[in-house]
Amino acid sequence: MSRADLGPRAREHRASLLVATLSASFGVLLLMVTSVLSTFILADDVTGSSGSVVIMLILAAAVFVSLAVYVGAIVTANTFATIVAGRTRTIALLRLIGSSARSQRRAVAKEGVVVGLLGGGAGLLVGLLATLALVRIGVATGVLPELPYAIAEPAVLLPVVAVVLTTWLASWIGARRVLTVTPMQAIGGSQELSREEATARPARNAVAIGLFVVGVLLLLAGVGVGLVSPFGVLIGIVGGIVSFSGLVLGAHLVMPPALRLVGRLFGTSATARLAAENAVRYPERSSRTTIGLVIGVTLVTMFAVAAANFQEFVMNAQAASPEVYEGTQAVVATTVGVFSALIGLSALIAAVGMVNNLSLSVLQRTRELGLLRALGFSAAQIRRMIVIEAAQLTIAAVVVGLVLGTFYGWAGAQSMLGAINGSPGLIFPVIPWAIVAVIVVLAALLTAVASVAPSRRATRIAPVAALAVD
C-alpha cells in the first residue's frame, strides 16, 4: 500500500477501529464487572448463600459479552462491505492489470486483522481503566462496600481474542463482493446490485429464511426450558443470534418493503419521491446503512423490555414467597443498574456503524449527486433529499428494531427467570413506553447527526467536478 493510499484507508477504517475498541472494552468491562458483582454478592449475608444468584449473574454476563462481540462483528462486516463497494472501480483496475480477486480479498482481510489487533489492544486498556474507575466511584459513593475486588484476570483476554477473530472474519465476509468484481468494471460503470438482482438469489434467500425460522424456534424452546431451569437463556441467546443473523442476511428482503411504506409519509414532491426511490433502488446499500441502527434499537429495546419483565417476575415472586426474597432488593437494584449502564455501549457501537455507513454511502455517490446538480437540482434540494433518505431509513429501522427488541427482551427474561421460586410462569411482555419514547427521540437526533455532515460535503462539490470523479 503506497503512502498516498494511507490517508483514505485510515479514514475508511476510523469507524471500524472505534467499533473494535468499543466491543473489546465492553467485553472486558462486563467480565470485570461480573467479577466485582460476584464478590459483592458472595459477601452479602442474604445472597451470599444462594449459588443461583451468582449463576444468574454469570449467565447474564455471558449473554451480554456474546451480544457485544456479535454486534461488533455485524457492524464491522457491514462497514467493510460498504468500503469494498466504494472501491469497486479501483479493484477492477487492479484486476485489469493482472491482480487476482483472491489476492485483493486477502488484502482487505489483512486490513481487518490490523483493525482488530489495534482495537482489541485499545479496548483492553480502556476496559480495565473503566472497571477501576467504576469500582472506585462505587466505593466512594457507598454503592459498593470496600472489598478485595479483582480488577484484572486472565479471562479479560477472551473478549480481546474474540474481537480480533470476529473483525478478521467480518472483513473477510464483508469483502466477498471482491470476488464478483470484473476487470470490465474498470472501464464501464460499476454500481450496487439493483432490487431485481438482489432478490434473485434463491440460495441466499432460502438460507436467510431458514436461519430466521430456526432461530425463532430455538428462542421459543428457550422459553419452554426456562420454565424449569435458568439455563434456558443459553438456548435463547443461540436462538436470538441465529434468528438475527437470518434477518441480517435477508435484510434486502425485509427493509425495502418497510422503506417503501415509510417513504409515502414524506409527500409527493420531486425531492421526496427521489429520496424514496433511492432508498429502495439498491437494497444492499440501504440494508447496510440501516442494519446498524436496527441493531442499536433492538438492543436497547430488548434490555428495557427484559428489565421491565425482570421486575414483573420479581414482584410476582416476592408476593408469592416473601421469605425467599427478603433483603435482596439492594443487590437486585445494583445489578440491574450496572447492566443498564453497560448496555448503552452496545447501542453506541451500532450508532457508530449507522453514521459511518451513511457518510461512506454519500461519499461514494459523488457522481450521482453531481449528475442531479447538473440536471438542475439546487444544493438545498440535494441536502433535503439526503435528510429525507436518512429519516426514511431511521424510521424503518426503529420500527423493525422495536418489534424485534420487544420479542427478544421478553423471551430473554422469560427463559432466565421463568423457573425462579414463586414464578408466575408465562407472562405477557411488559413494555416500558417511556424508554420507547426516548428511543424514538434519540433516533431522530441520530438522523440529524448522520445526515448533516454528509449533506454539507455533498453540496460543496461543483457539478462538473463531481461528474469528473472516477
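The values are calculated or read from the model by the stated rules, or taken from the named source; none is laboratory data. From a predicted model like this one, the values you see are computed outputs, not experimental measurements. These accessible areas exclude ligands, DNA and RNA; they are computed on the full protein's heavy atoms, side chains included. Shrake-Rupley method; radii C 1.70, N 1.55, O 1.52, S 1.80 Å.
Miscellaneous remarks
- Cα-based convex hull, the range 116-177, per residue volume (Å³, whole number): 84
- 1.4 Å probe accessible area per residue over the range 93-134, in Å²: 54
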